[in-house]
1. In debye to the nearest 20, how big a dipole does segment 122-241 give about its Cα centre with +1 on each Lys and Arg Cβ and -1 on each Asp and Glu Cβ?
2. Run the dipole for the chain about the Cα centre, Lys and Arg Cβ at +1, Asp and Glu Cβ at -1, nothing else charged, and hand back the magnitude in debye, nearest 20.
3. Which residue, chosen from Tyr188, Met210, Gly92, occupies the Cα position most advanced towards the positive end of the dipole of the chain, where the dipole is computed from +1 (Lys, Arg) and -1 (Asp, Glu) charges on Cβ about the Cα centre?
4. Indicate the gyration tensor shape class of segment 15-98 (rounded, prolate or oblate), computed on the Cα atoms with a ≥ b ≥ c the square roots of the eigenvalues: a/c under 1.5 is rounded; otherwise a/b larger than b/c is prolate and the rest oblate.
5. Rounded, prolate or oblate: which fits segment 180-263 when a ≥ b ≥ c are the square roots of the eigenvalues of the alpha-carbon gyration tensor, with rounded for a/c under 1.5 and prolate only if a/b beats b/c?
6. Each label point is 7 Å from the Cα along the Cα-to-Cβ direction; what then is the distance between the points at Leu192 and Arg205, in nm?
7. Please get the size of the charge dipole for segment 118-193, origin at its Cα centre, with Cβ charges of +1 on Lys and Arg and -1 on Asp and Glu, quoted in debye to the nearest 20.
8. With the crude spin-label approximation of a point 7 Å out along Cα→Cβ, what separation in nm comes out for Arg27 versus Ser95?
Amino acid sequence: MIIFAAEMISKNKIKAIRQLENKKHRRETGLFVGEGPKVVSDLLSSFPVHTIVATASWLQAHPDIPSVETISVSDEELRRVSFLQHPQQVLGIFSIPKPSALSEGIREAVSQKLCLALDGVQDPGNLGTIIRIADWFGIEDIVCSHDTTDTYSPKVIQATMGSIARVNVVYTDLAELIDSLPTDIPVYGTELDGHDLYHETLEPRGLLIMGNEGNGISNAISARLTRRLLIPPYPSGRKTADSLNVAIATAVVCSEFRRRSTTI
């Protein structure tokens, strides 16, 4: 059903959408926002859609939108509801998956393939970029500590550029998860006292843990690592930056895992 707004999108509707910036409100409603043609298109393929707010030209170009509430708005009205500095034709409201639907089988996944784990990553842009990196390198599962920033915030969703549609993100107690794994499953982590990434044996399965932007991997999780990795600066001994951005470090390590074997 398409609702053509005769004047303006209602204040109540704008308020309801804007409240989805708040984590508490997202949890209460079970809804999140994605914006722009690319992001919305990818989300439509993987998440139940609740509402579409779009310009008339976008709606006319997409007549096959699912039968949900669809509101036609002007560019100015879209700016009032958008979380972007430069709105991009369409905004969608989608249902957040039930946690149990994502967490089932995560231990089996770690036993069979490479999975990412994030320990206290706080920046929404970093989390969104890491999800996008995981998608690029074919990593289908990311396990987050409970203090990692919320995947379904507008900033994270936007930074994924639609990759959230292809990557499962689960929140859990990382220490409990690691302790429940078989002892032969490698638990990798990037640390400044680790061993040179390019000279270490990398298996095609296990858990690859990336830490907080400022503090790295927490002590509790660091104590549970079985393989400590270092991305070495170049050339050795040269004065350089103290560390790499966590998203960049994730890309470097994932690239090396994939380079080693096409079966990973």
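1. The dipole magnitude comes to about 420 debye.
2. Dipole magnitude for the chain comes out near 340 debye.
3. Gly92
4. oblate
5. It is oblate, given that a/c is not under 1.5 and a/b is not larger than b/c.
6. 3.5 nm
7. I would put it at about 540 debye.
8. Between Arg27 and Ser95, the simple spin-label model gives 2.1 nm.
The values are calculated or read from the model by the stated rules, or taken from the named source; none is laboratory data. This is a predicted model, so every value here is computed, not measured. Cβ coordinates were reconstructed from backbone atoms using ideal geometry, including for glycine residues, and neighbour counts include every protein chain displayed. With ligands, DNA and RNA removed, areas are computed over all heavy atoms of the protein, side chains included. Shrake-Rupley method; radii C 1.70, N 1.55, O 1.52, S 1.80 Å.
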